[in-house]
Amino acid sequence: AQTVTQSQPEMSVQEAETVTLSCTYDTSESDYYLFWYKQPPSRQMILVIRQEAYKQQNATENRFSVNFQKAAKSFSLKISDSQLGDAAMYFCAYRGSNTGNQFYFGTGTSLTVIP
Amino acid sequence: KAGVTQTPRYLIKTRGQQVTLSCSPISGHRSVSWYQQTPGQGLQFLFEYFSETQRNKGNFPGRFSGRQFSNSRSEMNVSTLELGDSALYLCASSDRDRGLAGELFFGEGSRLTVL
């Protein structure tokens, strides 16, 4: 089975600074997508960014970007110019061609933004 | 479009009871997945329903069951509740026609406390 590992249970960042959240995954599939989801306190989880395994170019969405290292099976999320609204749990997730519609999630990283 | 709606939002049960949770997906989404979220465990996949058929099932005991109706609304049921079933139960809908790139759209969850 695929596994997704987030080794940082908690992170903090100063407002306006940059922070990087780590994620590693294990798979034998070649066709898959990786996702980062954000879960604000007591609010629903929303998609932050996604990356296709076949694309070498790292995905970017405004202040959010990823560093996708396919050989190392690493998929980190960089948040630039951190804002108070970025405070949330962040989950890394994997979806592969052989896993149907099942997503595999990491255990999450709780991000605190310090004013 | 209205988002994914889950009811009830909060509920308290005692051991041995059963519970039914409901989920209405985004209009047009025929896939509904259920996840159990607990602190430190992240999100664990329960099952997915598509076109009223269970397509995939996670590693949970038979006490956890679900179904999907012709309008794509889904319910999950947990029988003979145990203390360890206390968790946030998340429902997510998706558009399978988007293939691997399609993301999950989550509801706000049903928080179950078992006493």
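Odds and ends about this structure:
- Test: residue in the range B:30-44 that is among the aliphatic types (A, V, I, L, M) and away from chain A (no Cβ under 14 Å): no
- Looking only at residues of the range A:32-54 that are assigned to a loop (DSSP other than H, G, I, E, B) and among the polar types (S, T, N, Q), we find that the one that is farthest from the other protein chains (Cβ to nearest Cβ) is A:Ser42.
- Test: B:Ser31 is of a type in the set (Gly, Ala, Ser), in contact with a Pro (Cβ under 6 Å, 6 or more places away or on another chain) and under 22 Å from A:Leu34 (Cα atoms): no
- Some residue of the range B:13-24 being touching a residue at least 12 places away in the same chain (Cβ under 8 Å) and within 14 Å of chain A (Cβ to nearest Cβ): yes
- Taking the range A:11-26 as the range and being more than 13 Å from chain B (Cβ to nearest Cβ) and not in a strand (DSSP E or B) as the test, the residues that pass are A:Glu15, A:Ala16, A:Glu17, A:Thr18, A:Ser22.
- Extreme residue, surrounded by the most Cβ atoms within 10 Å (Cβ to Cβ), among residues of the range B:26-52 that are closer than 15 Å to B:Gly102 by Cβ and among the hydroxyl-bearing types (Ser, Thr, Tyr): B:Ser33
- Scan the range A:1-51 for residues that are closer than 24 Å to B:Ser110 by Cβ and of a type in the set (D, E, K, R) and the total you get is 2.
- Residue in the range B:86-95 that is within 10 Å of chain A (Cβ to nearest Cβ) and polar (S, T, N, Q) present: yes
- Of everything listed in (1) within 14 Å of chain A (Cβ to nearest Cβ); (2) closer than 26 Å to A:Pro41 by Cα; (3) in contact (Cβ under 8 Å) with a residue 12 or more places away in the chain; (4) surrounded by fewer than 16 Cβ atoms within 10 Å (Cβ to Cβ), the single unmet condition for B:Lys1 is (1).
- Selection status of A:Leu111, surrounded by 15 or more Cβ atoms within 10 Å (Cβ to Cβ), within 14 Å of chain B (Cβ to nearest Cβ), in a strand (DSSP E or B) and among the aliphatic types (A, V, I, L, M): no
- Flag for B:Ser74 being more than 10 Å from every other protein chain (Cβ to nearest Cβ) and more than 16 Å from the chain's Cα centre (by Cα): no
- Test: residue in the range A:70-82 that is under 26 Å from A:Ile114 (Cα atoms), within 11 Å of chain B (Cβ to nearest Cβ) and either surrounded by fewer than 18 Cβ atoms within 10 Å (Cβ to Cβ) or in contact with a strand residue (DSSP E or B) (Cβ under 6 Å, 6 or more places away or on another chain) (or both): no
- The residue list A:Gln2, A:Gln57 contains one member that is more than 10 Å from chain B (Cβ to nearest Cβ) and crowded, with 17+ Cβ neighbours inside 10 Å, which is A:Gln2.
- Check on A:Gly96, in contact with a helix residue (DSSP H, G or I) (Cβ under 9 Å, 6 or more places away or on another chain), within 14 Å of another protein chain (Cβ to nearest Cβ) and on the phi < 0 side of the Ramachandran plot: yes
- The residues in the range B:104-115 that are within 12 Å of another protein chain (Cβ to nearest Cβ) and surrounded by fewer than 19 Cβ atoms within 10 Å (Cβ to Cβ) can be counted, and the count is 2.
- For the range B:63-71, the criterion of being within 18 Å of A:Trp36 (Cα to Cα) and more than 9 Å from every other protein chain (Cβ to nearest Cβ) is met by none of the residues.
Computed from the coordinates by the stated procedures, all read-outs in this text should not be read as laboratory data. Every value quoted in this text rests on a predicted model; they were computed, and no experiment measured them. Cβ: placed from backbone, ideal geometry, glycine included. Neighbour counts: every protein chain shown.
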